[in-house]
Amino acid sequence: MRYLPLNENDRAAMLARIGVSSIDDLFADIPAKARLDGLIEGLPTHASEMAVERHFTDLSRQSLSAGDAPFFCGGGAYRHHVPASVDHLIQRSEFLTAYTPYQPEIAQGTLQTLFEFQTQVAQLTGMDVANASLYDGSTATAEAVHMAARITRRRKCVLAPGLHPHYAQTVQTAVQGETMDMHVMTPAMGADADVMGALDDQTACIVVQNPNVFGELVDLEPLAKAAHAVGTLLIAVTTEVVSLGLVKSPGEMGADIVAAEGQSIGNGLSFGGPYVGLLACRDDRKFIRQAPGRFAGETVDEAGKRGYVLTLSTREQHIRREKATSNICTNSGLCTLAFSIHLALLGEVGLRKLAALNHARACQLADRLDALDGVEVLNQSFFNEFAVRVSGNASQIIEDMAKAGVLGGIPAARLFGAGYFDDVLMIAVTETNRDEDFDALVVALREAL
Amino acid sequence: MAMNSTGRPTAPTGDVPCAEDLKTFSGSRGLMQQEPLLHEVGAPEKCGVDLPDVPEHTARLGGLERDETIGLPGFSEPEAMRHYVRLSQRNYAIDLGLYPLGSCTMKHNPRLNEKLARLPGFADVHPLQPQSTVQGALGLMAELSDWLVAITGMDAVALSPKAGAHGEWCGMMCIRAAIEERGELQTRRRVLVPQSAHGTNPATAAACGFEIDELPADDTGRVDMEILRAKIGPDVAAIMLTNPNTGGLFERDIREIADLVHEAGGYFYCDGANLNAIMGKTRVRDLGVDAMHINLHKTFSTPHGGGGPGAGPVVLSKRLSNYAPLPYLVRDGDGWALIEEAAQSDAKPFGRLSVFHGQMGMFVRALAYMMSHGADGLRQVSEDAVLNANYLLARLSEEMSPAFDGVCMHEALFDDAFLKDTGVTTLDFAKAMIDEGYHPMTMYFPLIVHGAMLIEPTETESKESLDRFADSLLLLAKMAKSGDTTRFTAAPTLAPLRRLDETRAARTPILRWKATDA
């Protein structure tokens, strides 16, 4: 077995040194009734690298990958071009095969990149500080709600009508263990400002997504003002962080906590994971003490040299156990690194241009689609994703287009459940879409209508 | 003087200062390059990505353009390569040496798995593409489920948890849902958690709304059965037990523990962090377990990546499988379908763990690992992992003090008794290991042992590697006992940095770079 260095001579010598006669003597504590004498049933034996590779290549071919089709899916995961150097760097052994940086003297590589990541996330979101990442945007949103409830000592939470429904479900699931008073507003376009009607002095937080799940841009400023007037926190959610290169940041508009999906910078689609959850907040002791997850912080070593450590861990489960701010242990290590490297390669100039390109291309496609019979663009505003009403069942249309080799977006019913927005399609555009892709979408859509 | 063929001397001439004394002008030390922060060396006008020009268009941003400067630094590609390669060289890694962190299972990460995870049918498919276009990806999830079910003997598996702690929460929420359906949520409040448990266990039970009742260990390092019997009652929702436990010991009474909990109407949650010790040697089902998460990043070798991403699928017994969260996979003719909405489900899913279906990138790597090993290889993995740990336990016991008598499973636990009166602490000893070129073991955990040192070598270490490691540790232990304390209390002196001031970091938190006025 190519991954196992011991041979039979080694094993015999080691058993002798231990002072037992057979390997099973080391497993004697397993109750006799539960011991497995033969091999695990129903599984093949070991396989060569060549055989395994062949099997996976066959499986891979059974899917239509985004790179092989005109591709317009978004809905919380976006296909952007990631420079080759990003994947090369995250595969360096020293990053890939390191553990959580519990011994800072020999983990400065990981710790410094986390500190840089935290700074980039804070800048991008317009907030003061950010943590070292959570699992993904949806779990970050759930953690933000817990955090807001602890900070305000209130139990009511309002989810805006433009919040991604699977984010809303994630939050609702996450609060089952406590007595939260959840107000989930009925999904609707152009209705996010309605959260103000649900505000009162018992409300811990309002959760508003921007761009929202329909792709609309939401002015958070009046919502923040209304929330702050009754002591409520505004949690701003973003599922497409490239938008922050062009759209006013949640920090600038008055958000108290930002929960975001960082996938679209540095990380591929990967069928939904692993991704990288961003959590940023105000530089307020109360906020930071109630934040979940890891923080890297600056300090000095005994010789006075600058260095970084994991810090504020008295919030965390390995110290606080049942009184911790969250049960989370890991962050999204390598995905944060990919995010950080890609963003460093873009820099401010590159990010702004990338965002402008995404928006411009989306505007071009929206105009083309709006001119088609039986298609109506519903958005007044958008970044790179918008909703269109089609004359027909959107799910069926997507299936028909897929048969023609076009991945033409996401039927809204896939997000909201059948019976809601059955005639609405969500279409996302990025820098990866060429004019030929636009042409193919138009042709496929015409035929499917 | 000896000269080589080009006329250069082949031996040093004259005196050179020794490494510790030499102060360099650049701050770098030979191959150890000094590297400032991204924000100190990058610049907002620099860019390492070429993009096409932005076409003419009328903006539809609703008047929400971002005008303020963001301040994000940029790099050209060569500058980026240097920054990150230099930083990488300040990390210890499995590929550099033995990484004996107990309960973390730092084994070799096969590179085949990295290659396969990047195949387009897994890496470049969208989670919400039509299901007819992702049958390969769904098929992979189904195969992974089959392997996990076969290895554990359980009835179902929930794939979507994103890490071990997320898996714990998923399993405990299934238990909560089952208790709720029985109408006992108000009365079954207590979850029994051994003192030796990972911190995530009590944190998870608390997040599910349960009360935590701690179980002390007996003299052998296992659950104290008398105390357990006294604590069991109709208000117990579950026991959360790690097996093998964090002392590296198999809980001999595990079947009796399961029976006691079940007779009282509760459930048995097993923390699967240490599955690497028992694969192919026993099936979790036969131990009486109702739910167990599996850390794909430990047992099945998906890379730890400096702290993530992980993946924590949960296997479930028949009485819990009905409550598994959305989305889940079902057979659909010749292919597979994802059930994504409660309305489509004929089961009673307790909810949704996250926006999509789980850590696909980790699924691919873990399945490739399993198929490479096969049933025979997986059993050999556990046998070699346990053999390696016991070999170290036997060798290190010459100078160090094992916490408990007898053999161990996949990790060997020592206390600090051998350092008594030496002036050297567990922390000092660990830091001295850094100077020897090793990552320290897990320190001060589990909490049930004084000055704990938990050593898990894993099966991917050769005997020669274990011998070199043991030789170094034995000499260190002798040195500590002989009174050479400076080597320990000053350690590390040969790492990129000396000991860091963690108190200062926590008291005056600096969590980001900020521009300073020139």
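Just so it is clear, none of the values below were taken in a lab; they were calculated from the coordinates. Please read all numbers here as calculations on a predicted model, not as lab measurements. Virtual Cβ from ideal backbone geometry, glycine too; neighbours counted across all protein chains shown.
In the neighborhood of A:ASP283, defined by Cβ-to-Cβ distances under 11 Å, what is the net charge if each Lys or Arg adds +1 and each Asp or Glu adds -1?
On the way: positive: A:ARG282, A:ARG285, A:LYS286, B:ARG512, B:LYS514; negative: A:ASP128, A:ASP284.
Summing Lys/Arg as +1 and Asp/Glu as -1 gives +3.
So how tilted is helix A:394-403 from the main axis of chain A? Cα-based, degrees 0 to 90, rounded to 10.
Computed tilt is about 60 degrees.
On a 0 to 90° scale, report how tilted helix A:137-152 is relative to the longest principal axis of chain A, with both axes built from alpha carbons and the result rounded to the nearest 10.
Approximately 90 degrees, to the nearest 10.
Explain nothing, just the number: relative contact order of chain A, from Cα pairs under 8 Å at least 6 residues apart, as a whole percent. The partial results should precede the final answer.
On the way: 827 pairs, mean separation 87.0, N = 449.
Answer for chain A is 19 percent.
Per the helix-only calculation at 222 nm, which mean residue ellipticity applies to chain A, given -39500 (n - 2.57) for every DSSP H run of n ≥ 4 and division by its residues, nearest 500 deg cm²/dmol?
Numbers: 14 runs with 165 residues, N = 449.
Value at 222 nm, helices only, nearest 500: -11500 deg cm²/dmol.
Antiparallel as a % of all DSSP beta bridges within the protein assembly as shown, to the nearest 5? Before the final figure, lay out each step's value.
Details: 53 of 88 bridges.
In the protein assembly as shown, approximately 60 percent of DSSP beta bridges are antiparallel ones.
For the range B:212-226, take each phi angle, set θ = phi - 60°, evaluate the Karplus expression 6.51 cos²θ - 1.76 cosθ + 1.60, and give the result in whole Hz per residue in order, putting x for glycine and proline.
Per-residue couplings from phi come out as 9, 10, 7, 9, x, 8, 8, 5, 8, x, 10, 4, 6, 5, 5 Hz.
For the pair A:ARG434/A:ARG61, report the inter-label distance in nm, with labels modelled 7 Å from Cα in the Cβ direction.
2.4 nm
What's the extension gain from B:GLU214 to B:ALA264 if we count 0.36 nm per residue and subtract their Cα-Cα distance? It would help to have the intermediate numbers written out before the result.
Working: separation 50, 0.36 × 50 = 18.00 nm, distance 1.76 nm.
Full extension of this stretch gives 16.2 nm more.
Mean separation of Cα pairs under 8 Å and 6+ residues apart, divided by the residue count of the range B:224-286: what relative contact order is that in percent?
Working: 59 pairs, mean separation 25.1, N = 63.
In percent, rounded to a whole number, it is 40.
Give the angle, between 0 and 90 degrees and rounded to the nearest 10, that separates the Cα long axis of helix A:435-448 from the longest principal axis of the Cα atoms of chain A.
The helix A:435-448 is inclined about 70 degrees to chain A.
Using the structure shown, select from A:LYS248/B:LYS514; A:LYS225/B:LYS514; B:LYS162/B:LYS298; A:LYS305/B:LYS481; B:LYS231/B:LYS348 the pairs with a Cα to Cα distance greater than 23 angstrom. Don't skip to the end; give the middle numbers.
Values: A:LYS248/B:LYS514 21 Å; A:LYS225/B:LYS514 27 Å; B:LYS162/B:LYS298 13 Å; A:LYS305/B:LYS481 31 Å; B:LYS231/B:LYS348 31 Å.
Too far apart for the 23 Å limit: A:LYS225/B:LYS514; A:LYS305/B:LYS481; B:LYS231/B:LYS348.
Once the other residues with Cβ under 11 Å from the Cβ of B:ASP213 are scored (Lys, Arg +1; Asp, Glu -1), what is the net sum?
Net charge in that neighbourhood comes out at -1.
Can you give the % of DSSP beta bridges in the range A:84-342 that are antiparallel, to the nearest 5? It would help to have the intermediate numbers written out before the result.
Numbers: 14 of 31 bridges.
Looking only at bridges with both residues in the range A:84-342, the antiparallel portion is about 45 percent.
Please give me the summed charge of the neighbours of A:ILE427: other residues whose Cβ is under 12 Å from its Cβ, Lys and Arg +1, Asp and Glu -1. Mind showing how you got there, number by number?
Values: positive: A:ARG361, A:ARG368, A:ARG389; negative: A:ASP370, A:GLU385, A:ASP437.
In short, 0.
Where both partners of a DSSP beta bridge lie in the range B:113-370, what percent of those bridges are antiparallel, to the nearest 5? Numbers along the way, then the final one.
Numbers: 12 of 29 bridges.
In the range B:113-370, approximately 40 percent of DSSP beta bridges are antiparallel ones.
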